[in-house]
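Below you'll find the structure, written out as structure tokens, and then a few comments.
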Amino acid sequence: MATPALLDPRQILALDPAGADALLDRLERTVPVRPPLVEFAPPGAREGTVFGDTHGDWRSTIAAAQRFWSAPSAGALVGLGDYIDRPPEDCGEGSVANALLLLQWTAAFPERVLLIQGNHEAHRRIAVVPHGLAEEVDQLWGPEEARYLRLMALLERGPLAATTASGAFLAHGGFPRAVGSDPYPQEFRADDDEVLAEIVWGEPDAGRSRRGVVTPFRESDLDRFLARSGTRLFLRGHDPDLTGRPLYGGRCLTLHTCRLYQRFGGVIAARLPLDRTVARAGDLLLEHLATEGRVYPPVD
């Protein structure tokens, strides 16, 4: 069966309500439902592109994915969550466009594109502010709550975290810390809000953010988790002030891929080796994207 044509962001934003419903129908049939923890092993891929929070900045999403799209049958692409809310003005209803763009990609390449959930995708379980996705949906297609709920349900199909055979652990914010008594990996329980909070709201004590949802994790917490999980390097998003700054001996690296926060550390994606061991942030190649610092005409 031929892969349906993928709509670009401008085409998504130009859909009428019937077209939006048809796209949601198709995605509900084709977007995979992932377990909470995924072992990400795209066949034949030597490296993958990992991008951080894009927050509706579909221009930066497209820039981050350029390497993947140069050879999609041999590459890989991983998002670290927060694909929605706070879109730049030049992206229009960018949360909607960014989410539907990425969902099309994971439906078309389910073995190669992975959309990890962030705290904004987990809004229906642990509320986040601001959360403007519902308003954007209404602005595009009228006050029909069902479309917003369908889009959120699709984003919730992503995993909470992933590992690679090369030794990386990928999640939006943090990791489970002595929550209950389940051993790894059974501690990744989809129905446990305390575990969810640790993963999507976690923040390191080396950063400035203190959102107050969970206690910040320390280097010793990370050391114990990496040993427990058999991984060596934690790739995360969530905290723009830590963008591109290796922490804890290089075993923790934060990526942000949104122009809204470029003042902190740029608009960054990483090339993660999948065919050899990684142990430190220096084993990755960081890329500052072409969207950084550029001004685009607003979307009509």
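Readers should treat all values here as calculations from the given coordinates under stated rules, not as data from a laboratory. Everything numeric here is computed off the predicted structure, so don't read it as measured data. Glycine gets a Cβ as well: all are built from the backbone with ideal geometry, and neighbour counts include every protein chain shown.
Considering the chain at the alpha-carbon level, its Rg and Dmax are found to be 17.9, 53 Å. Charged neighbours of Val33, selected by a Cβ distance under 10 Å, balance to +1 (K, R count +1; D, E count -1). Within the stretch 1-100, the trypsin sites (Lys or Arg not before Pro) that combine a DSSP coil assignment with at most 16 other C-beta atoms in a 10 angstrom radius are Arg46.
Other residues within the sphere of radius under 12 Å centred on the Cβ of Gln104, judged by their own Cβ, net out at 0 (K and R +1, D and E -1).
Of all DSSP beta bridges confined to the chain, the antiparallel ones make up roughly 40%.
What whole number of Å gives the distance from the Cα centroid of the stretch 73-107 to the Cα centroid of the stretch 113-128? After rounding, the separation between the Cα centres reads 13 Å. At an R0 of 35 angstrom, the distance between the Cβ atoms of Asp138 and Ala165 translates into a FRET efficiency of 0.20.
Using 0.36 nm per residue and subtracting the Cα-Cα separation, the extra length available between Arg208 and Phe264 on full extension is 19.0 nm.
Relative contact order of the chain: 22 percent, from C-alpha pairs under 8 Å at least 6 residues apart in sequence. Between the alpha-carbon centres of the stretch 229-300 and the stretch 32-70 there is a gap of 12 Å. The magnitude of the dipole of the chain, with charges of +1 and -1 set on the Cβ of Lys/Arg and Asp/Glu and taken from the Cα centre, is near 1040 debye. Running a GNM on the chain with Cα contacts under 10 Å, which residue among Gly19, Gly79, Gly250 ends up with the highest mean-square fluctuation? In this elastic network of the chain, the residue with the biggest mean-square fluctuation among Gly19, Gly79, Gly250 is Gly19.
Structure remark: mean-square fluctuation, Gaussian network model of the chain, C-alpha springs under 10 Å; the largest value among Pro110, Pro36, Pro185 belongs to Pro185. Among Val113, Val129, Val267, the largest mean-square fluctuation in a Gaussian network model of the chain (Cα springs under 10 Å) belongs to Val129. Using the rule -39500 (n - 2.57) for each DSSP H run of four or more residues, divided by the residues of the chain, the 222 nm mean residue ellipticity is -8500 deg cm²/dmol. With a cut-off of 10 Å between beta carbons, the residues surrounding His123 carry a summed charge of -1, where Lys and Arg count +1 and Asp and Glu -1. Among Leu149, His288, Val137, which residue has its Cα furthest toward the positive end of the charge dipole of the chain, with +1 on Lys/Arg Cβ and -1 on Asp/Glu Cβ? Of the listed residues, the answer is His288.
Based on the Kirkwood radius over alpha-carbon pairs, what value in µm²/s does the Stokes-Einstein equation return for the translational diffusion coefficient of the stretch 78-204 at 25 °C and 0.890 mPa s?
Stokes-Einstein gives a translational diffusion coefficient of 158 µm²/s.
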